[in-house]
Structures are given as structure tokens and as C-alpha cells.
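To start, the structure under review is shown below, and the notes come after it.
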Amino acid sequence: MEKGTMKRRLIAVVAAAVIVCASALASQPMVSRYGEVDWNKAQLNYVAALTSDNLGIRQSAASFLAEYQLKGGIEPLIHVLKTDKVESARMSAALALITLDDARGRAAVEEASLYDGSDKVVKFCESLLKASPQKFSLLQ
């Protein structure tokens, strides 16, 4: 066998091995630099943060519940949407509920789009509902 052909085959085999290894690694969940995450504990902390006096913490907690798809936050987020006095906190809760893609959360956002006392929140909820259409609505 010619030296050039053998070299090309070796390169092809090495490249294939690299691709296989990279694919295998890419399909595995990434472990953060902080180690394994206790998602139950994280969810409890985010839910607790929804009642903070600090608006930024409440909004961040809603965002993280949605980002990490922590479904145990749905009922507390619905409570925030219905009772928080700050419009932006209610809007953060509405966005999180739509992102969590749960029927109860969607129903709460639909209800807020009809009955929230703030035009700003109503319009925001309407835009969320239009941006994420469902096959059915719980309020129809």
C-alpha cells in the first residue's frame, strides 16, 4: 500500500473517532463547575425568593424557574401573577408561566389578560398569549 494512501486512511480513522467522541460528549448533560445541582433545593429557593421584598430577586426567581423548567413553581407564580402589587413582577410571572408551558399557568395568564387592573399587564399577557398559541384555550 502506498504511503500517502495509508496516511489518509489513518487521518480518516482519527477524524471519525474524534467525531464519535464529540457526539457522545455533546449528548451528555453538562455538569456545572459547581458540581451536581440539587434541583429540588434550587426550586425551593426560587419559590421562596418569589416572596422577597426585593423586586429584582422576585423577578429573577421567576425567570430561573422558567429557564430551568421547575414545574413546582407554577402555583407560586400564579399567586404572584394574581396578587403582586408591582406590574413588572406580575409580568415576569406571566412570562415564566407561559415559558413553563403548563395548562394551569396558561389559564392564569389568560385570566390576567382579561381581569388584571393594569392595562400594561393586560396588554403584556395578551401579547404573550398571541406569541405562543395553543391548540385550545382553557377559558373558551
Checklist entry - In region 69-95, what count of residues is obtained for those that are more than 11 Å from V109 (Cα to Cα) and touching an Asp or Glu at 6+ places or on another chain (Cβ under 7 Å)? => result 2
Checklist entry - Do we find that K82 is more than 27 Å from V37 (Cβ to Cβ), part of a helix (DSSP H, G or I), touching a residue at least 12 places away in the same chain (Cβ under 8 Å) and open to solvent by 50 Å² or more (accessible area, probe 1.4 Å) in this structure? => result yes
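Scanning region 104-119 for residues that are open to solvent by less than 50 Å² (accessible area, probe 1.4 Å) and among the hydrophobic types (A, V, I, L, M, F, W, C), which turns out nearest to K130 (Cα to Cα)? It would help to see each step written out before you state the result.
At the first step, the residues of region 104-119 found to be open to solvent by less than 50 Å² (accessible area, probe 1.4 Å) are 105-110, 112-113, 116, 118.
Then drop every residue that is not among the hydrophobic types (A, V, I, L, M, F, W, C), which leaves 107-109, 112.
On the way: A107: 14, A108: 15, V109: 11, A112: 14 Å.
Taking the candidates together, the pick is V109.
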Next on the checklist: Take the conditions without any contact (Cβ under 8 Å) to a residue 24 or more places away in the chain and assigned to a loop (DSSP other than H, G, I, E, B) and apply them to K130. Does it pass?
Outcome noted: no
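Scan region 85-103 residue by residue and report those that are open to solvent by 60 Å² or more (accessible area, probe 1.4 Å) and either in a helix (DSSP H, G or I) or within 20 Å of Q69 (Cβ to Cβ) (or both). Break it down stepwise before answering.
If we filter region 85-103 for residues that are open to solvent by 60 Å² or more (accessible area, probe 1.4 Å), which is where we start, we get 85, 87, 95, 99, 101.
Within region 85-103, E87, L95, T99, D101 meet the criteria.
The values are calculated or read from the model by the stated rules, or taken from the named source; none is laboratory data. This one's a predicted model, so the numbers in the text were calculated from it and none came from an experiment. With ideal geometry, Cβ positions are generated from the backbone for all residues, glycine too; neighbour counts draw on all protein chains shown. Just the protein is used for accessible areas: all its heavy atoms, side chains included, with ligands, DNA and RNA removed. Shrake-Rupley method; radii C 1.70, N 1.55, O 1.52, S 1.80 Å.
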